[in-house]
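Visitor: The structure under discussion is supplied below as structure tokens; questions concerning it will follow.
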Amino acid sequence: MQLRAENVSRRYFRKHGEANFFEAVRQVSLILESGKLTVLNGKSGSGKTTLLNMLAGLLNPSEGKVFLDEADLYTLEDKELSRLRGEKIGVIPQGRSAVDTLSVYENILLPGMLYGGAPRTEEAENWMEVLGISGLRNAMPAELSGGELRRMAIARTLTASPGVILADEPTGDLDSDNTETVLAALQQAARAGKTVLIVSHEADAEAYADRVYHMEHGTIE
Amino acid sequence: MKHFSLTIRNLIRRPGRTTALILLTAFLAMSLFCGTIVVSSLRRGLNSMENRLGADIIVVPAEAESKASMKNLLLQGTIGTFYMDASALEKVRETEGVEKASAQVFLSSMKADCCSVKVQIIGFDPENDFVVQPWIAESLNHQLGDMEVVVGCRVETDVGNNFRIYDRNCKVMAKLATTGTGLDTAVYCNMNTIHVLLQAAEEKGITHKIDSGNDSEVVSAIYVRVLPGADPGLVNNRLNGHVRKATAIRTAGMMTEVADSLNGVSRTIAVLIGAVWILALIILFIVFSMMVNERRRELAVYRLLGMSRKMLSGMILMETALCSLTGALSGTALGSVLVFPFTTLIETSLKLPYLECDAGTIVLCACFAITITVLVGCAAGTRTASRLSRVDPGTTLREGA
């Protein structure tokens, strides 16, 4: 599954220097291939997350297009885009992304079931085991630490097994052991044919990458 | 996980928010249900009173302080024991424009060993009566004999029982249908019986004599029907001029007063319901606004995972609808518990005829309260759903990351 950005830009209307807007991403083109783990690094504020959100179909670009295989994401109706995102694109966002009223296990099973699919219990058990959160199966998100929440979000995406995985600072809250586990799991997903992008400002991920891009001031170098 | 299942989990696992929404909607439904029931019962009571009164003019002793006493007597069963000379009946009948005139004699029993209960006893003349008899005929298919009584629906006795008044036993022949007025607590008998009872009361020291009369020559009120085409106002004036020591009161005036009071009470209830609703809607608005902020992140996660705006709105609306429906049902049930057992208290407090609604009207009022409450709850939820479905998941999840 190929995810492709063509000259995408994103501007925000706010006072920035002499201009009335701030350009978070500028004319970026990028191709993410299936079976490859790509790392996009750069400093905070360089536009990495904005680009990831546009690639995920979550943020309309001010200019340019994003294609998932042949589908132009931002020409789709909300219903179609949402379904496509739910079934084919897995996003691991920054920060807390748990549904607080569901247990860890229910959170992990949630994406695959939103459109009436069968619960992927085996995969869920497997990824919970791999990521070391099996013991938290019935815990509620409010009882979890930042690192546990992060691993839960990663397990949720890996369990849903979408064609594309976009991870925003997936190792941000993790210690070195868990960082290695998570990066290895994402690499394993790429080896299994997934299209994987890791956005990170840390160097750890680069060791697992097939390709590394660096982003600065909204552009890719 | 189906959306309904998600909705139920969201409601159960956020007990504070769910309870607040249910309580608010219950409050709305209860106020609406109780208000409509009370107003409907008052209107029914007024209609019943109009139907039962049957007379155009009532002539009472001047000492009865006219309308106030009569209105209280009719509406609340306030004991009225005023008397005038029975010759007033002939004077009334002689008056131009009078078609029919029928006298009644009032006596109150005591709350003592001599009497079963404290009630208003009304003696009437079955031969000439046109006020009570048609109504009694609905429950009794023959004329009342001596020492026989017919009781109002709220007099605590059963047909066939002996009813003791001033140590005299009267047989209960029938129980009347509900009117919502003081007539429901009255006991009816013929003139012979009332005179026996007057005499018995006299023996107990309850005097009812007028200055120069004896027991058989007193009446308490004379009900008058005017001739078709006659002006009741003119006849009323003639009666006031013709019958000494008596006051003629037009029942239409009394009914208008009662109707005015009822309209006043209805307006007050409407204002109260309005105030309750405005207050509750403000709170509902605040709760929903708080919910927008509280749930922004949670709903961004749903969007991230693939829920469309429509699905998200649907889920929030379903939550709101379930809370509103639960609240509306509980509020209506609670309203029933509050309003029905306290009918007498409401009637006494409002001092107006109050006839409890029939089952059909109660069901209609309940459906009305439930429907309006659920619609208002959903309308408030729609705005929230619309705002929340437009949450930008990327930005929201990044905030406070």
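All of the numbers you see were taken from the coordinates with simple rules; none came from a lab. The shown structure was predicted, so the numbers you read here are calculated from the model rather than taken from an experiment. So basically every Cβ, Gly included, is an ideal-geometry build from the backbone, and we count neighbours across all protein chains shown.
Visitor: Which GluC sites (Glu not before Pro) in the stretch A:1-110 sit in a loop by DSSP (not H, G, I, E or B) and have at most 11 other Cβ atoms within 10 Å of their own Cβ?
Guide: Numbers: sites: A:Glu6, A:Glu18, A:Glu23, A:Glu33, A:Glu63, A:Glu70, A:Glu77, A:Glu80, A:Glu87, A:Glu106; in loops: A:Glu18, A:Glu33, A:Glu70, A:Glu77.
Qualifying residues, ordered by number: A:Glu18, A:Glu70, A:Glu77.
Visitor: Can I ask one more? If eta is 1.306 mPa s and T is 10 °C, what Stokes-Einstein diffusion coefficient results for the stretch B:282-401, Kirkwood Rh from Cα pairs, in µm²/s? Could you put the intermediate results ahead of the total?
Guide: Values: Rh = 16.9 Å.
Roughly 94 µm²/s, to the nearest whole number.
Visitor: How big is the antiparallel share of DSSP beta bridges in the protein assembly as shown, given as a percent to the nearest 5?
Guide: Numbers: 44 of 72 bridges.
Percent antiparallel among DSSP bridges in the protein assembly as shown is about 60.
Visitor: List the residues, sorted by chain then number, that are 5 or more residues from A:Glu216 or on another chain and whose placed amide H is less than 5 Å from its amide H.
Guide: Those qualifying (amide H under 5 Å, at least 5 residues apart or on another chain) are A:Glu221.
Visitor: Take A:Asp168, A:Asp177, A:Asp100 and order them by how many other Cβ atoms sit within 10 Å, fewest up front.
Guide: Values: A:Asp168 26, A:Asp177 9, A:Asp100 17.
Ascending Cβ contact count within 10 Å gives the list A:Asp177, A:Asp100, A:Asp168.
Visitor: Here's a follow-up. Taking 1 over the mean of 1/r across every pair of different Cα atoms in the stretch A:166-217, what Kirkwood radius in Å do you get? Each step should come with its number before you reach the end.
Guide: Working: mean 1/r = 0.0878 Å⁻¹.
With all distinct Cα pairs of the stretch A:166-217 included, I get 11.4 Å.
Visitor: Return the sequence-ordered ³J(HN,Hα) values of the stretch A:164-170 in whole Hz as given by the Karplus equation 6.51 cos²θ - 1.76 cosθ + 1.60 applied to θ = phi - 60°, using x for Gly and Pro.
Guide: So the J values, rounded to whole Hz, are 10, 10, 10, 10, 9, 6, x.
Visitor: Output wanted: per-residue J couplings in Hz (rounded whole) for the stretch B:147-152, from phi through Karplus 6.51 cos²θ - 1.76 cosθ + 1.60, θ = phi - 60°, x for Gly and Pro.
Guide: With coefficients 6.51, -1.76 and 1.60, one gets 6, 10, 10, 10, 10, x Hz.
Visitor: Rounded to whole Å, give me the distance from the Cα center of the stretch B:222-253 to that of the stretch B:254-304.
Guide: Using only Cα atoms to place each centre, the spacing works out to 49 Å.
Visitor: Would you mind counting up the charge near B:Asn162? Only other residues with Cβ under 13 Å from its Cβ, with Lys and Arg at +1 and Asp and Glu at -1. Write down the numbers at each step before the final one.
Guide: Numbers: positive: B:Arg164, B:Arg168, B:Lys171; negative: B:Glu148, B:Asp158, B:Asp167.
That sum, taken over residues with Cβ under 13 Å, equals 0.
Visitor: For B:Val226, what is the net charge nearby, where nearby means another residue's Cβ is under 13 Å from its Cβ and Lys, Arg count +1, Asp, Glu -1? Don't jump to the answer; show the numbers that get you there.
Guide: Values: positive: B:Arg93, B:Lys100, B:Arg225, B:Arg238, B:Arg250; negative: B:Asp56, B:Glu96, B:Glu99, B:Asp231.
So the environment of B:Val226 carries a net charge of +1.
Visitor: Treating the angle as unsigned and between 0 and 90°, give the value, to the nearest 10°, between the Cα long axis of helix B:15-53 and the longest Cα principal axis of chain B.
Guide: Approximately 20 degrees, to the nearest ten.
Visitor: At a threshold of 8 angstrom on Cα-Cα distance, excluding pairs fewer than six apart, so keeping six or more, what relative contact order does the stretch A:111-199 reach in percent? Write down the numbers at each step before the final one.
Guide: Working: 78 pairs, mean separation 26.2, N = 89.
That works out to 29 percent.
Visitor: What is the distance in Å between the Cα centres of the stretch A:38-70 and the stretch B:348-367?
Guide: What the calculation gives is 65 Å, centre to centre.
Visitor: Ok, one more. Can you list residues from other chains, or at least 5 along the same chain, whose modelled amide H is less than 5 Å from the amide H of A:Val199?
Guide: The list, which skips near neighbours in sequence, is A:Leu40, A:Ala167, A:Asp168, A:Glu169.
Visitor: Could you state the principal axis extents of the C-alpha atoms in the protein assembly as shown, from the largest down, to the nearest angstrom?
Guide: Cα extents, longest axis first: 123, 52, 35 Å.
Visitor: So for the stretch B:318-385, averaging the separation of alpha carbon pairs under 8 Å that are six or more residues apart and normalising by length, what relative contact order in percent results? Show your work: numbers first, answer last.
Guide: Values: 25 pairs, mean separation 42.0, N = 68.
For the stretch B:318-385, the relative contact order is 62 percent.
Visitor: Through the Karplus equation 6.51 cos²θ - 1.76 cosθ + 1.60, θ set to phi - 60°, convert the phi angles of the stretch B:168-176 into ³J(HN,Hα) values in whole Hz; use x for Gly and Pro.
Guide: The phi angles translate into 10, 8, 10, 8, 7, 9, 6, 10, 8 Hz.
Visitor: Nearest 500 deg cm²/dmol is fine: what mean residue ellipticity at 222 nm does chain B get from its DSSP H runs of n ≥ 4 alone, each adding -39,500 (n - 2.57), divided by its residue count? Before the final figure, lay out each step's value.
Guide: Numbers: 12 runs with 226 residues, N = 401.
Result for chain B, helices only: -19000 deg cm²/dmol.
Visitor: So if I take the centroid of the Cα atoms in the stretch B:147-195 and the same for the stretch A:155-184, what is the distance between those two points in Å?
Guide: 87 Å
Visitor: Which value in deg cm²/dmol, rounded to the nearest 500, describes the helix-derived mean residue ellipticity at 222 nm for chain A, given -39,500 (n - 2.57) per DSSP H run of n ≥ 4 and division by the residue count?
Guide: Working: 6 runs with 70 residues, N = 221.
Mean residue ellipticity, 222 nm, calculated: -10000 deg cm²/dmol.
Visitor: Among B:Ser102, B:Ser220, B:Ser330, what is the fewest-to-most ranking by other Cβ atoms within 10 Å?
Guide: Listed from fewest to most nearby Cβ atoms, that is B:Ser330, B:Ser220, B:Ser102.
Visitor: Sorted from fewest to most neighbouring beta carbons within 10 Å, what does the list A:Leu186, B:Leu305 look like?
Guide: Numbers: A:Leu186 27, B:Leu305 24.
Ordered from fewest to most neighbouring Cβ atoms within 10 Å, A:Leu186, B:Leu305 come out as B:Leu305, A:Leu186.
Visitor: So what is the relative contact order for chain A, in percent, with contacts set as C-alpha pairs under 8 Å and at least six apart?
Guide: Values: 449 pairs, mean separation 70.8, N = 221.
Result for chain A is 32 percent.
Visitor: Once amide H atoms are placed 1.01 Å from N in the peptide plane, what residues at a sequence separation of 5 or more from B:Leu176, or on another chain, have their amide H within under 5 Å of its amide H?
Guide: B:Val151, B:Gly152, B:Cys153
Visitor: Right, another one. All other residues with a Cβ under 11 Å from the Cβ of B:Lys91 taken together, and with Lys, Arg as +1 and Asp, Glu as -1, what is their net charge?
Guide: Working: positive: B:Arg93, B:Arg238, B:Arg244, B:Lys245; negative: B:Asp85, B:Glu90, B:Glu94.
With Lys, Arg at +1 and Asp, Glu at -1, the net is +1.
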